[in-house]
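The block underneath contains the structure these notes are about, expressed in C-alpha cells.
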C-alpha cells in the first residue's frame, strides 16, 4: 500500500472478540492501524468524523450487535456514496445461509464465520486483509 497506512475499522459488541481479531490482524500486518467500536451506530459516527483520506481500507462487521445488526449497518453504508468503495466484511458467529444472503444482498464483500481456533482466525485475518490491497 505504499506509504499510506492500512486503516481498518472493526465493529463487534464482544470486547474479547475485538481483542482476538486485533491480535490476528497484527500477526499478519503489524503496522495496521485499527479502530474498534462496539455497535452499528458507532460505525457511522466514526466514519462520519473522518476526512476522506482517513477512511479505512476495510470495515469488519459482526452481524449480531445491539442497536443495528450487521445487515442494517451495510444498508446504511451502501446508501452513502462516500462509503460504497470500502470493502465491508462480515465476521460473525451466525453462519446460516439467511444471514449470509442478507449481508451479500446488502453489499457485504465477504462473509466469514468466526473460527474456533487462533490459527484459523489468523487465516481469516489474512483473507480479510487482502481486500485492503484491492483499492
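The values are calculated or read from the model by the stated rules, or taken from the named source; none is laboratory data. Not measured: the values here are computed from a predicted model. All Cβ positions, even for glycine, are placed from backbone atoms using ideal geometry, and neighbour counts span all protein chains on display.
A few notes on this one:
- Considering segment 29-46, and only residues there that are in a helix (DSSP H, G or I) and under 12 Å from the mean Cα position of the chain (by Cα), the residue that is modelled with the highest pLDDT turns out to be 43.
- In segment 100-134, the residues that are assigned to a helix (DSSP H, G or I), surrounded by 18 or more Cβ atoms within 10 Å (Cβ to Cβ) and in contact with a helix residue (DSSP H, G or I) (Cβ under 8 Å, 6 or more places away or on another chain): 102, 103, 121, 124, 125, 128, 129
- Residues that are touching a strand residue (DSSP E or B) at 6+ places or on another chain (Cβ under 7 Å) and in a loop (DSSP other than H, G, I, E, B), drawn from segment 66-92: 86, 87
- Within segment 14-29, tally of residues that are farther than 16 Å from residue 57 by Cβ and out of contact with any strand residue (DSSP E or B) (no Cβ under 9 Å at 6 or more places or on another chain): 6
- The single residue among 114, 100, 88 that is modelled with pLDDT under 95, within 15 Å of the chain's Cα centre (by Cα) and within 24 Å of residue 30 (Cβ to Cβ) turns out to be 114.
- Single residue of 85, 35 found to be surrounded by 13 or more Cβ atoms within 10 Å (Cβ to Cβ) and closer than 22 Å to residue 129 by Cβ: 35
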